[in-house]
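The values are calculated or read from the model by the stated rules, or taken from the named source; none is laboratory data. This is a predicted model, so every value here is computed, not measured. Here the Cβ positions follow ideal geometry from the backbone for every residue, glycine too, while neighbour counts run over all protein chains shown.
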Amino acid sequence: HMYMINILADRLSLAPSSVEDFILDAPSLDAFDKFFAEGGSKSIFFVFQEADIPGIECGRSYRGLGKGRTTLRLVLANLSETCLMGQCCFFVRTRNNISVTRENIHKVSFLRESLYGLLNGIENTFSCILPALDAEQHQGVLNKLRHGEKFKNNFMFTIKNCLGSLDDLQVRYEDIVHLTEVTDIDFSKVTCLNDMKAAAADLKIVRRFEEILMTWYQEIDQVLLETDQLRRLDDSAGPLSELEHWKRMSQKFNSVINHIKSSECKAVIMVLNIGKSKTIKMWRELYAKVTDHVNEAKDNVKFLGTLEKVCQPLYISDPVSIIKSLQNVFNAIHMIYNVSLYYNTDEKIAILFVKITNQMLNSCRAYLTENGQCQIWDHNPETLTQKMQVMTCRDRLQVTCALCSFLHIYNSYLPKMYCVLLEYFGTI
């Protein structure tokens with residue numbers, strides 16, 4: 001018990017005595033007994049959030065707080081019954097075929113937490129397991145299969161891609177645009193046409209609505225300005241990061257559109273339109289820009305989504321499979337370049353090629369270092385020579401030119417492409 005109490009105290013920045021008191025407030029400690037027992041529960045959850053004051057049966061009183069009030073408490077939780085609003089910490093058993101004792105608790109259990117949200121907690125939990133899976137050499141029946149290593153690589157890629165998606169979801173949530181909320185206007189009184197006509201006849205209300213609309217205008221315009229600024233490229237980012245970028249853009253602009261379609265915004269626009277305010281013209285121009293950005297993001301997500309499957313071999317550390325998959329990648333980019341309304345520009349295609357090149361280099365590096373488990377000079381000369389012979393790409397420019405070769409039918413396009421890539425790489 002004290003082992004778990006001390007760890008919880010450290011993670012939640014509480015005194016061990018406080019954690020102990022909180023736990024003793026629980027009506028029963030059966031959850032601990034089940035967690036410690038042989039064949040018992042595989043997990044035990046603790047939630048640190050606002051909770052009801054426990055009754056007198058807990059054995060202590062909360063000064064200044066009466067019955068029915070809430071306070072910040074650490075409680076043993078059943079997540080199927082408890083609404084998670086605060087921080088969650090949980091212990092997980094790696095084995096439950098033996099009982100948990102003072103001597104082995106640090107070996108058969110570990111703590112995970114979702115202090116910064118559920119998605120972050122799930123990501124952290126699986127992230128701590130991945131290194132062990134990656135380092136494990138004895139894969140059971142997979143070692144006996146002809147394509148066992150390929151199955152393992154595909155599995156690891158899928159898990160890593162899933163974890164990356166969780167991280168991207170958090171980032172996308174942070175990208176949601178929250179415009180200024182109006183608190184001094186009761187919009188329930190401006191719902192029908194007669195209400196709006198009456199509001200449009202009131203000069204004071206019109207001026208206030210113009211202030212509100214211009215505040216939203218400036219906030220949305222700032223979002224557009226930040227989006228249109230030159231993007232900073234990550235030297236190691238792969239092609240799937242381009243898809244994720246446009247998913248984030250789609251999320252951001254859709255959140256703006258959702259605000260514009262809200263009843264409050266519609267009421268403001270309608271009143272100002274009836275009152276023939278000059279701000280409406282500016283707003284319509286801004287709305288047209290936002291709509292164009294929404295359509296661009298949606299179109300790019302649609303077409304870049306075709307790369308998700310064909311680019312998977314680029315993320316598996318096998319140069320041979322990479323070479324075999326290049327034609328499918330070429331065909332997908334060829335289709336995007338010919339069909340997409342927004343992604344057929346020199347700059348966007350150049351960015352995509354650079355990221356494909358980056359991922360090829362990342363995979364070749366992982367192939368040489370066995371996924372970062374060793375250094376190049378740790379190999380014996382014969383093994384290193386064999387691996388180097390498999391790899392035919394020596395530098396970024398050479399790889400990029402090879403990728404560009406499929407666009408030979410676009411003779412007028414290639415010089416522009418080369419200039420964009422040369423500008424990105426700098427002096428070569």
Given (1) closer than 25 Å to N153 by Cα; (2) at pLDDT 75 or above; (3) not acidic (D, E), identify the lone condition not met by T392. (2)
Which of the residues that make up segment 239-288 are among the charged types (D, E, K, R) and part of a helix (DSSP H, G or I)? E242, E244, K247, R248, K252, E264, K266, K281, R284, E285
When segment 303-321 is checked residue by residue, the ones that are at pLDDT 80 or above and assigned to a helix (DSSP H, G or I) are F303, L304, L307, E308, K309, V310, Q312, P313, L314, Y315
With D228, D202, D186 as the choices, which residue is under 30 Å from L361 (Cα atoms) and without any contact (Cβ under 8 Å) to a residue 24 or more places away in the chain? D228
Restricting attention to segment 73-84, the residues that are at pLDDT 75 or above and surrounded by 11 or more Cβ atoms within 10 Å (Cβ to Cβ) number exactly 5
For the condition over 22 Å from the mean Cα position of the chain (by Cα) and surrounded by 16 or more Cβ atoms within 10 Å (Cβ to Cβ), what is the one hit in Y315, Y337? Y337
How many residues are touching a residue at least 24 places away in the same chain (Cβ under 8 Å) and assigned to a helix (DSSP H, G or I) if we restrict to segment 328-347? 11
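Take the conditions on the phi < 0 side of the Ramachandran plot, modelled with pLDDT under 80 and part of a loop (DSSP other than H, G, I, E, B) and apply them to Q386. Does it pass?
Numbers: on the phi < 0 side of the Ramachandran plot: yes; modelled with pLDDT under 80: yes; part of a loop (DSSP other than H, G, I, E, B): no.
The answer is no for Q386.
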State whether one or more residues within segment 326-339 are of a type in the set (G, A, S) and closer than 23 Å to I159 by Cα. no
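One line per residue, one yes/no per condition, for (1) assigned by TED's automatic domain parsing to the domain that holds E211; (2) touching a helix residue (DSSP H, G or I) at 6+ places or on another chain (Cβ under 6 Å); (3) buried (at least 19 other Cβ atoms within 10 Å of the Cβ); (4) in contact (Cβ under 8 Å) with a residue 60 or more places away in the chain:
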| residue | (1), (2), (3), (4) |
| --- | --- |
| K261 | yes, no, no, no |
| E264 | yes, yes, no, yes |
| I274 | yes, yes, no, yes |
| R284 | yes, no, no, no |
| A288 | yes, no, no, no |
| T291 | yes, no, no, no |
| V320 | no, no, no, yes |
| K324 | no, no, no, no |
Tally, over segment 267-280, of residues that are among the charged types (D, E, K, R) and modelled with pLDDT of 90 or more: 0
